[in-house]
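A quick write-up on the structure given underneath.
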Amino acid sequence: AETRAEGGEIGWVNIDQPIIASSGESVSSEHLDGVLPEEARKEVLSMSTKPGDVVMVSSSRGYHLVQIVDVMVNVRKAAKLRPLSDKKKAKAKKLPGILGGALSDEFSAGEEKKDLTYKVETMGCQMNMADSERMEGQLQSLGIRPLGEEEEKGGAHPDLIVLNTCSIRDRAEQKVYSYIGPHAKRKRAGEDVTIVVAGCVAQQEGEALLRRAPEVDLVMGPQYANRIGDLLEDVSNGNQVVATEASHIMEDSTKPRRQSSVAAWVNVIYGCNERCTYCIVPTTRGVEQSRPVESIVQEVKELVAQGYKEVTLLGQNIE
């Protein structure tokens with residue numbers, strides 16, 4: 001009865017930390033005790049859920065049927081951090097801006113913000129291509145621009161290199177390490193370069209990749225493609241980061257950097273539950289997670305309004 005006027009909606013729920021309202025103020029969850037007591041909230045939060053799920057939990061007030069509308073995951077808590085050794089820190093040069101210790105626009109008087117560039121190399125399927133577009137969108141929203149072809153021909157190197165990998169192609173792991181080599185050499189020579197390995201090989205290799213290529217700064221599975229900005233913040237603070245834990249794939253608040261003005265990729269489902277003996281997809285891309293229909297329709301409508309003529313729906317299982 002307490003939330004009937006709102007259609008049963010009680011808002012965001014958290015246990016460990018206070019909820020931050022849109023106004024920026026900290027809001028306590030105590031007001032929810034009369035609707036969904038703390039023991040019920042803890043039980044809901046302990047479950048692996050995604051938007052659209054309906055779960056039943058119990059409390060001193062009885063049973064509660066709860067529909068999950070949205071989920072927010074702190075990917076920095078899910079990631080494993082490996083602080084750099086003192087020797088490596090001494091060699092590292094702090095860059096102003098995102099890769100130099102702070103995701104902020106605050107600089108000392110007279111200090112200029114470095115013009116940071118990136119390059120994304122994509123291997124494999126259309127899913128990887130779509131992931132790369134989303135990662136590029138996030139990088140550009142952070143103020144990092146793509147390295148131009150003419151700049152590269154002139155001998156310029158990117159400050160941030162992202163290798164989006166594929167496990168299916170022949171000798172996939174060997175190709176990854178071979179590609180990392182020249183950039184690792186730059187870093188050993190004292191250049192400020194941030195190396196990110198993403199995609200299916202990253203998910204498959206995990207921390208083993210850092211042991212074999214210690215120059216790599218960030219290893220992230222495909223489920224974190226939408227959260228590269230959050231993970232880079234930990235990198236900028238002097239850590240090596242491994243983000244391969246299973247995670248609910250969040251809706252991307254930034255826009256992909258589309259490679260075409262005519263055709264576009266739209267994800268409708270991530271992962272797969274089939275477990276075919278010949279296929280590695282469930283291992284590298286996780287369990288099935290469907291996007292809300294409303295989000296898919298809205299994205300397609302926006303693409304049509306922008307003049308796109310062809311939209312390809314992506315997913316391991318589309319029926």
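Here is a yes/no grid of residues against (1) within 19 Å of the chain's Cα centre (by Cα); (2) among the aliphatic types (A, V, I, L, M):
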| site | (1), (2) |
| --- | --- |
| 177 | no, no |
| 190 | no, no |
| 196 | yes, yes |
| 200 | yes, no |
| 204 | yes, no |
| 213 | no, yes |
| 216 | yes, yes |
| 221 | yes, no |
| 232 | yes, yes |
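Answer with yes or no whether residue 274 is free of Cβ contacts under 8 Å to residues at least 40 places away in the same chain and open to solvent by 40 Å² or more (accessible area, probe 1.4 Å). Spell out the reasoning first.
On the way: free of Cβ contacts under 8 Å to residues at least 40 places away in the same chain: no; open to solvent by 40 Å² or more (accessible area, probe 1.4 Å): yes.
For residue 274, the condition - free of Cβ contacts under 8 Å to residues at least 40 places away in the same chain and open to solvent by 40 Å² or more (accessible area, probe 1.4 Å) - is not met.
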### Message
Show the residue pairs meeting these rules: Cβ distance below 6 Å; 6+ apart or different chains; first residue within segment 191-215 and more than 18 Å from residue 235 (Cβ to Cβ); second residue open to solvent by 10 Å² or more (accessible area, probe 1.4 Å) and of a type in the set (Gly, Ala, Ser).
### Response
200/167; 201/167; 204/167
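From the list 312, 283, which one is open to solvent by 50 Å² or more (accessible area, probe 1.4 Å) and hydroxyl-bearing (Ser, Thr, Tyr)? Talk me through it step by step, then tell me what you get.
On the way: 312 fails: open to solvent by 50 Å² or more (accessible area, probe 1.4 Å).
Result of the check over 312, 283: 283.
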### Task
Could you figure out which of (1) open to solvent by 80 Å² or more (accessible area, probe 1.4 Å); (2) at pLDDT 85 or above isn't true of residue 208?
(1)
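Inside segment 58-78, can you point out the residues that are at pLDDT 65 or above, open to solvent by 100 Å² or more (accessible area, probe 1.4 Å) and farther than 15 Å from residue 33 by Cβ? Steps first, please.
Within segment 58-78, the first condition is being at pLDDT 65 or above, and the residues that meet it are 58-71.
Okay, now just the ones that are also open to solvent by 100 Å² or more (accessible area, probe 1.4 Å), so 60-61, 63, 65, 67, 69.
Listed by number, the residues that qualify are 63, 65, 67, 69.
The values are calculated or read from the model by the stated rules, or taken from the named source; none is laboratory data. Because the structure is a prediction, the values reported are computed rather than measured. As a convention, Cβ positions derive from the backbone with ideal geometry for all residues, glycine included, and neighbour counts pool all protein chains shown. Surface accessibility is based on the protein's heavy atoms, side chains included, excluding ligands, DNA and RNA. Shrake-Rupley method; radii C 1.70, N 1.55, O 1.52, S 1.80 Å.
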